[in-house]
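Here the structure is laid out as structure tokens; the discussion comes afterwards.
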Amino acid sequence: MSSSYTQSSTKSYTYANTRYVNDKIIADLTYLAARFPGIFTAERLNSWKSDFYQWLNDGYAKVIKIQFKRNNICFYQIEYEMKDDGTITSDDNVGRFRGIDLSDSSTYIVIEMTPKWYELSKEEQIKYKGTLILSWGDAEQTTYASGLMRTNDKQYSSGSLGVQRSILGG
């Protein structure tokens, strides 16, 4: 007696869904760049837009974290947790970050990967990263300021793809 096992991978969202959700994330960052000139460049923002789209569309990004640091201590973080199962159905307006001062901070991006990413061989991961605009390495351990609190504040969705935005701040 013999048996076989086949695994297939499908996604329940389209390129348009991915583009829409990604554009919402980028609109948040554009809002911050306008409010705090110099925290990152337009060129950097365009590179993130392209790379985030790839990570999201291919199903490799579980969480995208935008960290703001001073003296290598993260004092504010915007986190986008991806869901592709249709559980996020709200689609809020972008922006509206309150009570923050990001001036004189450095911006870092941390991407937590999905299990699908870890199913790739190391060679496949390296090849994939070579198709991206930016050079993505392993994230260093983040040191957080004390007293930060997490708040879920917005959701962005299109089709079955959605993100829960949360803020980690003081």
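What follows is calculated from the coordinates using simple rules that are stated; it is not laboratory data. What you are looking at is a predicted structure, and each value in this text was computed from that prediction instead of being measured. In this analysis, Cβ positions are derived from the backbone assuming ideal geometry, glycine residues included, and neighbour counts consider all displayed protein chains.
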_Can you report the number of residues in segment 133-167 which are touching a strand residue (DSSP E or B) at 6+ places or on another chain (Cβ under 8 Å) and closer than 24 Å to Asp85 by Cβ?_
15
*How many residues are crowded, with 17+ Cβ neighbours inside 10 Å, farther than 25 Å from Gly130 by Cβ and in contact with a helix residue (DSSP H, G or I) (Cβ under 9 Å, 6 or more places away or on another chain) if we restrict to segment 24-51?*
2
